[in-house]
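Notes follow once the structure below has been shown.
The values are calculated or read from the model by the stated rules, or taken from the named source; none is laboratory data. Treat the numbers as computed from the prediction; the structure is a model and nothing was measured. As a convention, Cβ positions derive from the backbone with ideal geometry for all residues, glycine included, and neighbour counts pool all protein chains shown. Note: areas computed on protein heavy atoms with side chains; ligands, DNA, RNA excluded. Shrake-Rupley method; radii C 1.70, N 1.55, O 1.52, S 1.80 Å.
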Amino acid sequence: MALIPTFCGKDCGGNACPLQAVVEAGRVERVRYNPAGGRYIRGCPRGLALPRETAASDRILTPLVRTGPRGSGAFRPADWDEALAITARKLGEIRAEHGPHAVMSFSGFAVTGALHGTHVLLTRFMNLFGGSTRLTGNYSNAAMLFTLPYLLGSDWIHSGHDAATMRRSRMIVLWGANVLETRMGAEMDRRLIDAARQGARIVVVGPRRSFTAERTGAWWIPCRPGTDAALMLAVLNVLSTEDLLDRPFVDSHCVGFDRLERYVRGQEGGPACTPGWAAEICGAPAEEIVAFARAYAAAKPAMLIPGYSIQRVFAGEEPYRLTVALQAATGNFGAAGGSTGASNRLLPLPRVGRLGIPPAAPQPSLPIVRWPDAILAGRAGGYPSDVRALYNLGGNPVNQGADITKSIAAFAKLEFAVSHEVFLTPTALQCDVLFPAATALEKEDIGLPWGGNYLLYKPAAAAPRGQARSDYDALWELADRLGFGAAFSEGRSAAAWVERFIALSEIPDPDAFRRTGIYRGPAAERVGLAAFATDPEQNPLDTPSGRIEIASDRYRRETGFPAVPTWQQPPAEEGYPLRMITPKSRHYTHSQSNFIRLSGRNAHALTMHPADAASRGIREGDRVRVFNARGEGRIAARISAEVMPGVVSLPEGIWVSLDGEGRDRGGSANMFTATGGTAPAAAAIMHGITVEVCPTGS
Ligand SMILES: Nc1nc2c(c(=O)[nH]1)N[C@H]1C(S)=C(S)[C@@H](COP(=O)(O)OP(=O)(O)OC[C@H]3O[C@@H](n4cnc5c(=O)[nH]c(N)nc54)[C@H](O)[C@@H]3O)O[C@H]1N2
Ligand SMILES: Nc1nc2c(c(=O)[nH]1)N[C@H]1C(S)=C(S)[C@@H](COP(=O)(O)OP(=O)(O)OC[C@H]3O[C@@H](n4cnc5c(=O)[nH]c(N)nc54)[C@H](O)[C@@H]3O)O[C@H]1N2
Ligand SMILES: [Mo]
């Protein structure tokens, strides 16, 4: 028996958590937590399921070539030679006839790591191919990425907070963050539980009393999906009118806070953002908003951890701008035990080499949420290119992008589509060629955590099953056939790259790193933008004013939206009175749900409030019809007051399974989402979706 350090390397909220594979006779018998991570840097049950993914009976084990209509599932096995030859020929022909930009590059984020990270691998490949139509942003946090530079300048990339500092927090506000399920770093969950035990007050704001709220005994402040900006503005109103603001901090660190204050007091033409005003919009009682504002102002330091959920809604830019304003208003910005109000992820990792992306000539690009529209409408519809082929690496865009019906129509228009996959996913079913991908346990790599001061190492715990190959090896072979293999690989095997990345790193003892699987960076308890917070004169931010730009005229000029964050009412849709949220499930990573079996209380279901169920004649366990203008699905109902009235919750990630009428029987959330995105960031909208639910048969 051998114990081998490993990690998942998935875009799962942890991204690199120390695990250990128990290997017998070349087979991974099981995976357990790697004790080298200590008390806090821990894996989660999803990591323990890695052997199930690798050993799954429905894994793709040979290259496949489509023989029936797209989506039919008719494929024949092929050998690598043939599958590579078909792909090289098709891509080569399309490039010769229409130019490289006729290929859309869906460089997904499903796999992370210094070498095998799918986003970098495919971007590197396509840039050497001559370019492609690129998809910008991501489904996770595109509104955050858009707004933070206006507030914090280029310093935004250091605006994270370290989970280790939670022990100093007297209050931890999880605003739309469900970290006991989404993790947001391998350390967050245990640190949060410990902080709660030591007396930090935990507050959860959102449309459902989440598992995190339940487990930490949190104060749950209900807030309807997509209405966080109203609630935040009301908190600022109370802080301003009750003189609870940290004025010295605001005066020395912010510009434009006075304009925001005038706005929340109703001195800019709009209504005053009073607790009563916000209560009508967000559903939290006015007295509770007042009580929260007072408690938040009194508890110093207070950490505010925003979930990405709050910006994956209509006008999601605004709440994200306001989380930063709240942390500044209370003087918690950049304090130990406080935070900047931005993502916890934004702190530097220890230095290590990683695969690079060679430059490319300017290429057409568009926001990722609109990929189906770009294929369907092309240049005639105002998109930058006419796409004929799609290369997908590390994504399941049909299931995970918005509007599945439209996504399938987009695939129908393609001449050629190729994926590297482990399973026959809804996207894979639409492809012409599938390359069998090696799994996390079958690859050597260096793990780059989601906000953490450490690095992980894993050797391959087992040889790839069947004919599976790592994405790196497969792309190298394909690059060879297209004439740029040497540029793609720089002559290095996967093992040689990992060796080089370690040589380029700050790791003093590579042998220990390889043996234990972990290297910890030296500085403990890092605080994002602490130097600026301590002395803004000496350490100004890289913004035009050197301060936090609470009001940004540049934002107004460049986007046409107000300089200060404001409340923007999401549009209602006649006939669809319920608001759907589509949170992450604790049990699986996005659509990597097929090899996880859930039953009983954990089974996939649509959760609705007892009042909404009763008024529709729906009982616990009934299969219900869920629909809106974009699609329809059937799914079991779960009835619980853990969601607010008017809200239904459907975990994202279950595979779509269409019947002959185009209705889903699987329970996939993206039957209902739309591809338009937010404005101005064009970020995905995946919460607060308007739907109606009724019993089947009606
Ligand atoms: N288990 C698991 N964890 C993951 C992932 C996974 O696939 N599985 N994926 C990872 C990835 S890639 C990402 S980007 C992150 C995303 O992390 P988040 O975006 O933070 O995750 P969500 O589950 O979408 O939202 C968190 C919670 O916000 C609440 N919520 C929904 N809408 C609203 C709203 O409008 N306002 C407020 N206040 N709350 C709302 C929901 O109750 C939900 O549980 O998660 C990471 N963590
Ligand atoms: N409704 C709704 N939709 C959402 C979200 C939501 O909250 N609600 N969340 C969004 C977010 S934040 C994100 S990040 C996206 C995630 O969307 P995706 O990244 O598309 O989702 P995944 O299911 O994690 O991964 C895609 C595929 O990668 C495959 N894969 C696994 N390992 C490997 C490998 O080693 N090599 C290769 N080539 N493939 C591999 C898996 O089998 C899986 O099919 O989903 C978004 N979609
Ligand atoms: Mo994400």
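Rounded to the nearest whole Hz, the Karplus-based 3J(HN,Hα) values (6.51 cos²θ - 1.76 cosθ + 1.60, θ = phi - 60°) of segment 240-254 follow the sequence 6, 6, 9, 6, 9, 6, 7, 4, x, 5, 4, 5, 8, 10, 10, with x at glycine and proline.
Give me the percent relative contact order of segment 2-55, please, defined on Cα pairs under 8 angstrom at least 6 residues apart. Please list the in-between numbers first.
Values: 87 pairs, mean separation 16.1, N = 54.
Relative contact order here is 30 percent.
Eigenvalues of the Cα gyration tensor times 5, then square-rooted: what semi-axes does that give for the chain, in whole angstrom, largest first? Numbers along the way, then the final one.
On the way: eigenvalues 305, 180, 132 Å².
Equivalent ellipsoid semi-axes, largest first: 39, 30, 26 Å.
Under the combined filter of DSSP loop state and at most 13 neighbouring Cβ atoms within 10 Å, segment 638-684 retains these trypsin sites (Lys or Arg not before Pro): Arg665.
One chain, two ends: Arg247 and Asp553. Fully extended at 0.36 nm per residue, the span grows by 107.9 nm beyond their Cα-Cα distance.
I need to check one value: relative contact order of segment 291-380, counting alpha carbon pairs closer than 8 Å and at least 6 residues apart, in percent. List each step's numbers first, then the result.
On the way: 68 pairs, mean separation 22.9, N = 90.
That works out to 25 percent.
The residues of the chain present an accessible area of 35 Å² per residue when probed at 1.4 Å with all protein chains retained.
In order along segment 12-22, the Karplus-derived 3J(HN,Hα) couplings, from 6.51 cos²θ - 1.76 cosθ + 1.60 at θ = phi - 60°, round to 10, x, x, 6, 8, 10, x, 10, 9, 8, 9 Hz, and Gly and Pro are given as x. The modelled label-to-label distance between Thr534 and Arg32, using points 7 Å beyond Cα along the C-beta direction, is 4.3 nm.
Run the accessible area of the chain with a 1.4 Å probe and give the carbon-and-sulfur part as a rounded percent. If you can, show how the numbers build up before the last one.
Details: 12500 of 24440 Å².
With neighbouring chains kept in place, the figure for the chain is 51 percent.
For Ala177, the residues whose amide H sits under 5 Å from its own are Val205, Gly307, ignoring neighbours fewer than 5 places away on the same chain, with H placed 1.01 Å from N. Residue by residue, segment 602-619 carries 3J(HN,Hα) couplings of 8, 4, 4, 7, 9, 8, 9, 6, x, 5, 5, 5, 4, 5, 10, x, 9, 10 Hz when phi is fed to the Karplus relation 6.51 cos²θ - 1.76 cosθ + 1.60 (θ = phi - 60°); x denotes Gly or Pro. What is the set of long-range amide H partners of Thr133 at a cut-off below 5 Å, with H atoms built 1.01 Å from backbone N? HN-HN under 5 Å from Thr133: Val103, Met104, Ser105.
Report relative contact order for the chain in percent, whole number only (criteria: Cα-Cα under 8 Å, sequence separation at least 6). Don't jump to the answer; show the numbers that get you there.
Numbers: 1681 pairs, mean separation 140.6, N = 698.
Worked out over the chain, it gives 20 percent.
Give me Rg over Rh for segment 578-695, both radii from the alpha carbons and Rh done the Kirkwood way, two decimal places.
Details: Rg = 13.8 Å, Rh = 14.5 Å.
With Rh from the inverse mean 1/r over Cα pairs, Rg/Rh is 0.95.
Counting only DSSP beta bridges whose two residues both lie in the chain, roughly 50 percent are antiparallel.
Spin-label model, Ala286 to Ser640: label points 7 Å out along the Cα-to-beta-carbon direction sit 3.3 nm apart. Lys443: which aspartates and glutamates have alpha carbons under 18 Å from its alpha carbon, excluding same-chain residues fewer than 8 sequence positions away? Output for Lys443: Asp11, Glu24, Glu29, Glu53, Glu421, Asp471, Asp473, Glu477, Glu499.
Between Arg197 and Arg76, the C-beta separation translates, for a Förster distance of 56 Å, into a calculated FRET efficiency of about 0.45. Taking 0.36 nm per residue of separation and subtracting the current Cα-Cα distance, fully stretching the chain between Asp511 and Thr67 would add 154.9 nm.
Note on segment 524-649: Cα-only Rg and Dmax are 22.8, 64 Å. In plain terms, the C-alpha convex hull of segment 2-55 casts an average shadow of 3.5 nm² when viewed from every direction. Across all Cα pairs in segment 659-698, the calculated P(r) in 5 Å bins from zero up to the longest distance comes to 6, 16, 22, 24, 14, 10, 6, 2, 0 percent per bin. Pairs from the list Lys458/Lys584; Lys90/Lys413; Lys10/Lys584 with a Cα-Cα gap above 24 Å: Lys458/Lys584. Semi-axes of the equivalent ellipsoid of segment 35-149 are 31, 25, 14 Å, computed as sqrt(5λ) over the eigenvalues of the C-alpha gyration tensor in descending order.
Estimate the FRET efficiency between Asp480 and Ala361 by the formula 1/(1 + (r/R0)^6), using the beta-carbon distance for r and 25 Å for R0, to the nearest 0.05. Can you show the working numbers first?
Values: r = 22 Å, r/R0 = 0.90.
Here the calculated transfer efficiency is 0.65.
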